[in-house]
1. Mind checking the mean number of beta-carbon atoms from other chains within 10 Å of the Cβ atoms in C:118-125?
2. P(r) for region A:36-105, please, calculated from all Cα pair distances in 10 Å bins and given in %.
3. Leaving out ligands, DNA and RNA, and with a 1.4 Å probe, what % of the accessible surface on region C:10-198 is carbon or sulfur?
4. Calculate the length of the line joining the C-alpha centroid of region B:60-89 to that of region C:6-49, in whole Å.
5. Counting only residues 5 or more places away or on other chains, whose amide H sits under 5 Å from the amide H of C:T37 once H atoms are built in the peptide plane?
6. Kindly point out which whole DSSP H helices in chain A project their C-alpha atoms 24 angstrom or further along the helix axis while averaging a Kyte-Doolittle hydropathy of 1.0 or above.
7. Solvent-accessible area per residue for region A:142-192 at a 1.4 Å probe radius, Å²?
8. Ignoring ligands, DNA and RNA and using a 1.4 Å probe, state the total buried accessible area between C and B in Å², rounded to the nearest 100.
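The values are calculated or read from the model by the stated rules, or taken from the named source; none is laboratory data. Predicted, not measured: the structure shown is a model, and the values here were computed from it. All Cβ positions, even for glycine, are placed from backbone atoms using ideal geometry, and neighbour counts span all protein chains on display. In case anyone asks, the SASA skips ligands and DNA or RNA and just uses the protein heavy atoms, side chains included. Shrake-Rupley method; radii C 1.70, N 1.55, O 1.52, S 1.80 Å.
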Amino acid sequence: MNDHASAIGPVLTVLNLAGIAVFALTGALAATAKKQTLVTVLFFAVVTAVGGGTFRDLLIGAPVFWIQENATLLICLAAGTAVWVAPARWWSERALLWLDAIGLCAYATYGAAKGLDYGIAPIPAIGMGVVTACLGGIIRDVLAGEPSILMRPELYVTAAALSSALMVLLAIAGLPFAIAGLIAALAGFGLRAGAIRNRWSLPAYDR
Amino acid sequence: MNDHASAIGPVLTVLNLAGIAVFALTGALAATAKKQTLVTVLFFAVVTAVGGGTFRDLLIGAPVFWIQENATLLICLAAGTAVWVAPARWWSERALLWLDAIGLCAYATYGAAKGLDYGIAPIPAIGMGVVTACLGGIIRDVLAGEPSILMRPELYVTAAALSSALMVLLAIAGLPFAIAGLIAALAGFGLRAGAIRNRWSLPAYDR
Amino acid sequence: MNDHASAIGPVLTVLNLAGIAVFALTGALAATAKKQTLVTVLFFAVVTAVGGGTFRDLLIGAPVFWIQENATLLICLAAGTAVWVAPARWWSERALLWLDAIGLCAYATYGAAKGLDYGIAPIPAIGMGVVTACLGGIIRDVLAGEPSILMRPELYVTAAALSSALMVLLAIAGLPFAIAGLIAALAGFGLRAGAIRNRWSLPAYDR
């Protein structure tokens, strides 16, 4: 579709697909938790899954990634439908949390890599990872009228920032995108997993 | 302005203008209902009227439709001023509801048609109709601190989705844009009208 | 980076940098007021500082201003860090208000000038000033769960509209961008300063 796909490679493509699927699930689960209708559930699945990446593509001047094909939206609609029809006990709050952690680090790594691939500067490329990873969830929370994950002391945006920064730094250091991407995604996920299991959090401003 | 205007034609252009005018009125009425100032009323008129279409144009890579001309914003400002100066009894909550229904289906149909006209895939084109129709109202509700129409069981997004899907399916089936657009807009409006009059709603998730 | 930089000139460039720095401070201060973590403080600094200008650039089809360089984000991160480490007594609510007033009129003037520079129509160019000036603050308020400045009767959006409209009118009248920009920024700031000191406000809708 464009000449930028080469450096991204299969590892990062898988990270992107993983992010789409799990964020669609978290969006749909946020809507069923609020006892919404199927249409709203599908809407939340789509917005949560593609919100961050859409904004990233607009910022870096890339064609929006889900516009030229049916596949991305169909994945989101399938995830939303799965949440709607499957027994509720399949989806615990805990599952939501861990799916979100996978999506967060996959998307952060992929977003930073795509930013680099489009030739943007390193600090904005790190920002692209954070935007890709966090914006979908922020939009989901604002639309659902929930306090945003942003406002919680838990290590969340920080894990996305770690994956993004590692991706950019390792790529600048000369590592192939695939290896840099694997390390970056796993490191961010490790940090987020620790935060979920051990309630790691950052100190809040207290003056 | 671009070479995409041919397939859209006069029927869809009228649907677009109808959407602009009535959504500007609903935005302004939402602000006067909250006892706001004239400047805020005008701001809400503009944001509600152009919000969805602006996002659609960014997504499909079209030049933003109101940027190269004064007319669109002047229509919005006129609608906002009309709401401000006219006697309050002219505008009932009921009027707001029906104006919104007209704008919803006009915008959904036009948005899907414009997406097709820019060569995007069918499922995203349906999505463009829903975005064009619903986003302005969602932004209006979030800014006003109201619970979004999204979260209500009423058939609303569904009516937009019906207009959008019909526009895309009939156009793919080979109907001229003008006829497909008329059928799509009327079908969506019929569904929304039924929902308003008979309180049709979708079942909510109940597990 | 593009051939549009000529008419903007040093006066407007300074207005843009002033807007970035002071809006980053107000974003960071909004986050520390809510006892947030350093990561959230930095996130708010960035979003508040670049939100309006980012949207302006997307609307007028300009490359997003902070994507090709590290400097803008580093200014935001420095401002956020300064708020985090400096003694709280350095930052009063009053300081926040006045910084915001400077940023508001600087950004409104710069945004309108950049719109003109990209050849958009006069009314949308005025809109670009208002968007550049107000959107960052609106996003900050929505994310923080605060009632938006939009909904207050105080002269705020009006001051941005005054700066934007003067910039466009004086430029159309033939004044050099630098002089038009100075007059426009000072006039808007004068109005906003009067509103802060004397609680000037617009009448609210009361029917």
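1. Average per residue, whole number: 5.
2. 18, 45, 29, 7, 0
3. Values: 4560 of 6370 Å².
Carbon and sulfur together cover 72 percent of it.
4. Their Cα centres are 30 Å away from one another.
5. A:Y205
6. Values: long enough: A:5-33 (40 Å, 1.74); A:38-60 (33 Å, 1.80); A:93-117 (35 Å, 0.50); A:122-144 (33 Å, 1.50); A:177-198 (31 Å, 1.32).
Helices meeting the span and hydropathy rule in chain A are A:5-33, A:38-60, A:122-144, A:177-198.
7. Values: 2030 Å² over 51 residues.
Per-residue accessible area for region A:142-192 comes out at 40 Å².
8. Using a 1.4 Å probe, the pair buries roughly 2300 Å².
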